[in-house]
Amino acid sequence: MKGVVFDLDGVITDTAKFHFEAWSQLAKEKFDLTLPAEFESKLKGISRIESLERILEFGNLSDKYTSDQVAEMANEKNTYYVAAIDSQLTENDILPGVKRLLDELKEHGMKLAIASASKNAPHILEKLGIIDEFDAIADPAKVAKGKPAPDIFIAGAEAINLDPKDCVGVEDAVAGVAAIKSAGMVAVAVGDKDELSQADEVVPSTQDFSYELFNQVWNKGNK
């Protein structure tokens, strides 16, 4: 193992609540739709446009808007989201055990990259005060396909000059784990064991992350 490529949301921090707040605000203002709380999980780990398409589908509004209008509304949602992050996100929002993990990985000379579908990743890492811990942030605007396609994880490995097979990918979503595996990486996931069964190792909490665990999983996957 020479490097680790991380998803951001649900792995380093959890901004899902801010995303859902922003989508709920947009749905109410634009379509007079109230999104049920359980809808939040349907928007996890997918792109902005895809999220909006699912909301439109939920409201039976799929054929009412052009792709330009959809793109415009998705950007509007992002404005709400960034405003929420600016006013509410702090270093206290780093998930438990993550700061320790980053220190451990650095001590062992690991290269670290972020592979997030979010264009806001640099801004979020700055707000969390950990942007300097990462050697690279893959740019989602430059990859052809979103997760579950492997593009963003391959870009993450390339950004730290590593072969994907020398990296561990870390995720919390099914689409993300599929992307890691398609990229030819070993996958560590955090969350539900049954849901994320495609991963090489699943832990219930970010507190269970460690250099030792990642290295063990990588060694096992590369026998």
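The values are calculated or read from the model by the stated rules, or taken from the named source; none is laboratory data. Note that the coordinates shown come from a computational prediction; the quantities given were computed from them, not determined experimentally. Neighbour counts run over all protein chains shown; Cβ positions are idealised from the backbone, glycine included.
Worth a mention:
- Residue match in segment 110-125 (condition: surrounded by fewer than 17 Cβ atoms within 10 Å (Cβ to Cβ) and over 22 Å from Ala173 (Cβ atoms)): no
- All told, Leu105 meets the bar of being farther than 20 Å from Glu21 by Cβ and either in contact (Cβ under 8 Å) with a residue 24 or more places away in the chain or not in a helix (DSSP H, G or I) (or both).
- So Leu56, is it of a type outside the set (Gly, Ala, Ser) and either modelled with pLDDT under 95 or part of a loop (DSSP other than H, G, I, E, B) (or both): no
- Of all residues in segment 139-162, at least one satisfies being over 16 Å from the mean Cα position of the chain (by Cα), more than 27 Å from Glu50 (Cβ to Cβ) and surrounded by fewer than 19 Cβ atoms within 10 Å (Cβ to Cβ).
- Restricting attention to segment 1-46 and to residues that are modelled with pLDDT under 95 and not in a helix (DSSP H, G or I), the residue that is surrounded by the fewest Cβ atoms within 10 Å (Cβ to Cβ) turns out to be Asp14.
- Considering Gln88, Gln69, the condition of being within 23 Å of Gly146 (Cα to Cα) and surrounded by fewer than 17 Cβ atoms within 10 Å (Cβ to Cβ) is satisfied by Gln69 alone.
- So Lys99, is it within 23 Å of Val5 (Cβ to Cβ), touching a strand residue (DSSP E or B) at 6+ places or on another chain (Cβ under 8 Å) and basic (Lys, Arg): no
- Of all residues in segment 9-36 being farther than 28 Å from Leu112 by Cβ and charged (D, E, K, R), the one that is farthest from the chain's Cα centre (by Cα): Asp32
- Scanning segment 171-185 for residues that are surrounded by fewer than 24 Cβ atoms within 10 Å (Cβ to Cβ), within 18 Å of Lys220 (Cα to Cα) and not charged (D, E, K, R) returns Ser182, Ala183, Gly184.
- Taking segment 194-213 as the range and being under 23 Å from Ala183 (Cβ atoms) and of a type outside the set (D, E, K, R) as the test, the residues that pass are Leu196, Ser197, Gln198, Ala199, Val202, Val203, Thr206, Phe209, Ser210, Tyr211, Leu213.
- Inside segment 86-102, residues that are part of a helix (DSSP H, G or I) and within 18 Å of Phe134 (Cβ to Cβ) make up a count of 7.
- Filter pass, Ala144 being aliphatic (A, V, I, L, M), outside any helix (DSSP H, G or I) and at pLDDT below 95: yes
- Within segment 152-172, residues that are assigned by TED's automatic domain parsing to the domain that holds Asp135 sit with their Cβ atoms under 8 Å from residues that are among the hydroxyl-bearing types (Ser, Thr, Tyr) and buried (at least 24 other Cβ atoms within 10 Å of the Cβ), at 6+ positions apart or across chains, in these pairs: Ile152/Ser116.
- Among the residues of segment 165-223, those that are closer than 22 Å to Ser41 by Cα and in a strand (DSSP E or B) comprise Gly169, Val170, Glu171, Ala187, Val188, Ala189, Val190, Glu201, Val202, Val203.
- In segment 92-134, the residues that are among the acidic types (Asp, Glu) and touching a helix residue (DSSP H, G or I) at 6+ places or on another chain (Cβ under 6 Å): Glu104, Glu133
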